[in-house]
Amino acid sequence: MHDFSMSRRSFIVNSAVGVALASALPSSVKGQDKPKIQGFDETDTAVDPNAKWEPFTDRKLRIGIAGYGLCQFGAQFGLQDHPNAEVVAVTDLFPDRCAGLAKACRCEKTYESLEEMVKDDSIEAVFIATDAPSHADLACLALKHGKHVASAVPAIFGDVEHAYRLYETVKETGLYYGMFETSAFHDDVYQARKIYNAGGFGQMIYTEGEYYHFGVGVLEGYKNWRRGLPPQWYPTHSNAYYTCVTGNSFTSVSCVGHVSKEEEYQPGQNPYNNYFGTETALFTTSEGGSARMVVSWDSWGWGGETGRMRGELGAFNGGYAGRNEEVNNIVAKLGDLRKPALPPTVTPGSHGGSHGYLGSNFIESILKDRHPLVNVAVALNTTVPGIVAHTSALKDGETLRIPEFKMW
């Protein structure tokens, strides 16, 4: 089993397994009823009401933040609100966005670029919330300047060679890297991870993950990076339903692409020469199971990031069902499976109440000298399979091997 969950005091045993999950699951609503950016309305989350966050140090981690674009992710993860952190500098290539980020983070020091900000020796850690194609390069740059790094998803973009470079840079520097994958702290993934680590699933036989983005037209992005984006180049919200539950990896893939009729997927209309608006990947896993992971930009009815798991001993689909009384007793001993308390000044935030937990996990991991939940191996094992899957789709579903990454 892989014990890569957050350490915390024991849960109070006062609820049934799977309690309060319904609020985290998507509902079928019309696209126009949703906000422009999917996930920013998913604020309900199941938190243990009997839990209390316990202060563990007076030290404040000095953080720099880069990026305040369409999603304004730079200020979305509560880093500026955590009692053990201080945002001491921010940057964005656009002056108005940089000013907005500084205001949101209550920070006076600004830089014109991350390349300049990483030279600031007072900064201990950097959160990279820039355009996806820049994540790997900027992460490596910050690591080489002695900064711990967190980045928005995906860890790398479209080129598997970037994965090896990021992996080796983290290993060589001995610093911490974390990817802010929101599905990792969805209520269902959080609970399934606790159950898996306790042995409630046994070997995972089959997993499904789905990232359906409701249609809103082409979203803006730096240098138009979102236009015609190959779906499986942005696979982490769905793949996390396996990798962030088990800590394991995918080993091979056969993927089918659906040719989209939308304008941005027509010849010459996107920088990737991509014509797939939906890609469905069938993976084999490192523990001998399989997984079906879908990423779709063609969904106009409803969107969501959902999944379900089926193991030899138990299954999870919004709630847990064990094979027999013995297995159910294993899970019952875990007690209340709702998420732990955050610091009083930090809110769970959007994307299923995951933002605050990701930010807090990164800060506390550094201060407690341990790897974040979605460490570099988990991040790459969640991201790289999608890149290989897109290549498979271009080859009419040819089965391809997937590189795997392990912590040293």
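The values are calculated or read from the model by the stated rules, or taken from the named source; none is laboratory data. Remember, predicted model here, so these are calculated numbers, not experimental data. Glycine also receives a Cβ, built like all others from the backbone with ideal geometry; neighbour counts cover every protein chain displayed. These accessible areas exclude ligands, DNA and RNA; they are computed on the full protein's heavy atoms, side chains included. Shrake-Rupley method; radii C 1.70, N 1.55, O 1.52, S 1.80 Å.
Brief remarks follow.
- Test item: Cα-centred dipole of the chain, Lys/Arg +1 and Asp/Glu -1 on Cβ, debye: 560 debye
- For LYS395, the lysines whose Cα falls under 27 Å of its own Cα, not counting residues fewer than eight places away in the same chain, are LYS261.
- Shape of the range 286-345 from the C-alpha gyration tensor: oblate (a/c of 1.5 or more and a/b not above b/c, with a ≥ b ≥ c the square roots of its eigenvalues).
- Computed over the chain with a Gaussian network model linking Cα atoms closer than 10 Å, the most mobile of HIS237, HIS258, HIS135 is HIS258.
- For the chain: relative contact order, % (alpha-carbon pairs under 8 angstrom, 6 or more apart): 25 percent
- Of the complete DSSP H runs in the chain, those spanning 24 angstrom or more by Cα along the long axis with a mean Kyte-Doolittle score not below -0.5 are 376-394.
- Global form of the range 208-299, assessed from the alpha-carbon gyration tensor, a/c cut-off 1.5: prolate
- Solvent-accessible heavy-atom area per residue, rounded to whole Å², over the range 106-246 at 1.4 Å: 31 Å²
- Mean-square fluctuations from a GNM of the chain, with a 10 angstrom spring cutoff on Cα atoms, peak among GLN76, GLN269, GLN203 at GLN269.
- Principal axis extents of the Cα atoms in the chain, from largest to smallest and rounded to whole angstrom, are 60, 56, 45.
- Estimated purely from DSSP H runs of n ≥ 4, each contributing -39500 (n - 2.57), the mean residue ellipticity at 222 nm for the chain is -7500 deg cm²/dmol once divided by its residues.
- Beta bridges by DSSP in the chain, antiparallel share as percent, to the nearest 5: 55 percent
- Rounded percent of accessible protein surface that carbon and sulfur make up, the range 325-394, 1.4 Å probe: 50 percent
- Rg and Dmax [Cα atoms of the range 352-405; Å; Rg one decimal, Dmax integer]: 15.8, 47
- Here is the list for the range 54-131: GluC sites (Glu not before Pro) lying in DSSP coil, each with at most 15 other C-beta atoms within 10 angstrom of its C-beta, are GLU108, GLU112.
- R0 of 45 Å, Cβ-Cβ distance ASN324-TRP300: FRET efficiency to nearest 0.05: 0.55
- Global geometry of the range 181-262, whether rounded, prolate or oblate, following the gyration tensor of its Cα atoms and the 1.5 cut on a/c: prolate
- Solvent-accessible area per residue in the range 254-408 equals 41 Å², computed with a 1.4 angstrom probe and all protein chains kept.
- Carbon + sulfur, % of accessible area of the range 60-182 - ligands and nucleic acids excluded, 1.4 Å: 47 percent
- For the range 134-171, backbone nitrogen atoms closer than 17 Å to the point 7 Å from ASP369 Cα along Cα-to-C-beta are found at 148.
- Cross-link pairs exceeding 27 Å between alpha carbons, from the set LYS147/LYS406; LYS223/LYS368; LYS103/LYS223; LYS194/LYS368; LYS52/LYS368: LYS223/LYS368.
- Along principal axes, Cα extents of the range 316-366, largest first, whole Å: 41, 22, 19
- Pairs of alpha carbons in the range 249-385 whose separation is greater than 26 Å (percent): 49 percent
- In nm, spacing of pseudo-spin labels at LYS261 and THR345 (7 Å Cα→C-beta vector): 5.3 nm
- Largest mean-square fluctuation among GLU305, GLU161, GLU264, in a Gaussian network model of the chain whose springs join Cα atoms under 10 Å apart, belongs to GLU161.
- According to the Cα-based calculation, Rg over Rh for the range 97-254 is 1.00, with Rh computed by the Kirkwood formula.
- Shown are LYS194, LYS368, whose ranking by accessible area with a 1.4 Å probe and every protein chain present, most to least, is LYS368, LYS194.
- Rounded FRET efficiency, nearest 0.05, which uses the C-beta distance separating MET407 from THR57 and R0 of 30 Å: 0.75
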